[in-house]
Amino acid sequence: MINARAEAFAPASMGNVGCGFDILGLAFEEPGDTVIVEPRDEPGAVIAAIEGDGGRLPRDAAKNSAAVAANSVLRLLGARQGVSITLHKNLPLASGLGSSAASAVAAAVAVDALYGMPLTLPQLLPACLDGEAAVSGYHPDNVGPSLLGGITLITGTSINEIRRLPVPDNLHCALVTPCIAVPTSQARAVLPEMVPLTRLVAQTGAVARLVDALHRGDLETMAAAMEGDRIIEPARAHLMPLLAEMRAAAKRAGALALVISGAGPTLCAVCDTAQTAERVAAAMGVLYDEAGIGNVPRHTRVSLDGARVVSVT
């Protein structure tokens, strides 16, 4: 039986979580993307409408992460009918918030819901990765947390290589997204091809310290470890407006740490209360305002559940 309509939400995510380049990811409670799917008689997925992207996303089903993921789920289900997709983009593009991953995840979950949810979230992972691969590569650093929620350790592309890590109870996040785009391809192009051994040792030590801190629920040590990136952030710092000034302002307002979210330019500050996160987000927004840089500040928490079905009719 096929339902008449299904709607799903997938949250934004932060790749790297500071020092864990390509091996750590974190899902935020908000913002996120919403996808609505409806059945159609013809096979395959088509894009009926996209709202919130300013006309920038491709409507071609072969190039849109939501449609690619939807088609992958249809193949998994052996479906003869297709689906019509309406994508509500609440995530800015090229922002370091896992925009393409959220669209792919929301579409996969919505199509599964349309068909009565025969698949589990872990079973949807390959379809979500297919959607992400159409835009930014076959890698689950954003797809994993957006789909499954929480903080994830990623050592490969299969579900057995994505592990949920503990989330400290007092972890709150302050985000600020400047109104500039940093495409993942640009952010990767500036990375060094060779890394000194001493820097590599320091980086692996920071990752180990972070994972240990999560298992102990030690937010202050977690925050310090996140800022232990000695390889990726130095190479990308020039792409992030006022990074050093923003870190200083965030800490004056009470943040424990500040890191680049994924490839940027969104910045994420680690805080220990909701009130502090609200204050830090406002302070970061003011700093960009004073510099004449448009921005969107917000405070949020880690999404423990990841993607979810909103409604089925």
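The values are calculated or read from the model by the stated rules, or taken from the named source; none is laboratory data. Only a predicted model underlies this, so the values are computations on that prediction, with no experimental measurement involved. Counting neighbours? That spans all protein chains shown, and the Cβs are built from the backbone with ideal geometry, glycine included. Only protein heavy atoms, including side chains, enter the accessible area calculation; ligands, DNA and RNA are left aside. Shrake-Rupley method; radii C 1.70, N 1.55, O 1.52, S 1.80 Å.
How charged is the neighbourhood of Val46? Take every other residue with its Cβ under 12 Å from the Cβ of Val46, and add Lys/Arg as +1 and Asp/Glu as -1. Walk me through the numbers before you get to the answer.
Working: positive: Arg40, Arg59; negative: Glu38, Asp41, Glu42, Asp60.
Result for the local shell: -2.
Helix 99-114 versus the longest principal axis of the chain: what is the Cα-based angle in degrees, 0 to 90, to the nearest 10?
That works out to roughly 30 degrees.
For the stretch 83-223, which whole-number percentage of the solvent-accessible area (1.4 Å probe, protein heavy atoms only) is attributable to carbon and sulfur atoms? Write down the numbers at each step before the final one.
On the way: 3100 of 5550 Å².
Within the stretch 83-223, the accessible surface is 56 percent carbon and sulfur.
Helix 197-216 versus the longest principal axis of the chain: what angle, 0 to 90°, nearest 10, using Cα atoms?
70
Efficiency by 1/(1 + (r/R0)^6): what FRET value for Asp41 and Tyr138, r their Cβ-Cβ distance, R0 = 22 Å, to the nearest 0.05? Show your work: numbers first, answer last.
Details: r = 31 Å, r/R0 = 1.43.
Efficiency at R0 = 22 Å is approximately 0.10.
Label points 7 Å out from Cα along the Cβ direction at Val190 and Val296: separation in nm?
Each label point lies 7 Å from its Cα, and together they span 2.2 nm.
Assuming 0.692 mPa s and 37 °C, estimate D for the stretch 235-313 with Stokes-Einstein, Rh taken as the Kirkwood radius over Cα pairs, in µm²/s. Walk me through the numbers before you get to the answer.
On the way: Rh = 13.7 Å.
Translational diffusion coefficient: 240 µm²/s.
May I ask you to list the residues of the stretch 99-142 whose amide nitrogen lies under 11 Å from a point 7 Å from Cα along the Cα→beta-carbon direction of Arg163?
Zone members listed by number: none at all.
What net charge is computed for the residues neighbouring Ala263, neighbours being all others with C-beta under 15 Å from the C-beta of Ala263, Lys and Arg scored +1, Asp and Glu -1?
Numbers: positive: Arg188, Arg236; negative: Asp22, Glu132, Asp141, Asp229, Glu233.
That sum, taken over residues with Cβ under 15 Å, equals -3.
Kirkwood Rh over Cα pairs of the chain into Stokes-Einstein at 4 °C, 1.567 mPa s: D in µm²/s? List each step's numbers first, then the result.
Numbers: Rh = 19.4 Å.
In µm²/s, the coefficient is 67.
Using 0.36 nm per residue of separation minus the Cα-Cα distance, give me the extension gain between His215 and Ala49 in nm, one decimal.
Working: separation 166, 0.36 × 166 = 59.76 nm, distance 4.31 nm.
Full extension of this stretch gives 55.5 nm more.
If each of Arg80 and Val201 carries a label point 7 Å out from its Cα toward its Cβ, how far apart are those two points in nm?
About 6.5 nm separates the two model spin labels.
Once the dipole of the stretch 123-277 is set up with Lys and Arg at +1 and Asp and Glu at -1 on Cβ about the Cα centre, which of Pro140, His215, Pro183 lies farthest towards its positive end?
My answer, from the dipole projection, is Pro183.
Sum up the charges of everything whose Cβ sits under 14 Å from the Cβ of Val111, counting Lys and Arg as +1 and Asp and Glu as -1, but leave Val111 out.
Details: positive: Arg5, Arg40, Arg75, Arg80; negative: Glu7, Glu38, Asp112, Asp130.
Around Val111, the charge tally is 0.
Taking the chain as the reference, fit the longest principal axis to its C-alpha atoms, fit the long axis of helix 243-252 to the helix C-alpha atoms, and give the angle between the two in degrees, 0 to 90, nearest 10.
The answer is roughly 80 degrees.
What residues from the stretch 1-41 fall in the zone where the backbone N is under 15 Å from a label point 7 Å along the Cα-to-C-beta line of Val309?
1-10, 35-39
Report the relative contact order of the chain, percent, no decimals, based on alpha-carbon pairs under 8 angstrom and at least 6 residues apart. Don't skip to the answer; put the middle values down first.
Working: 797 pairs, mean separation 80.4, N = 313.
Relative contact order comes out at 26 percent.
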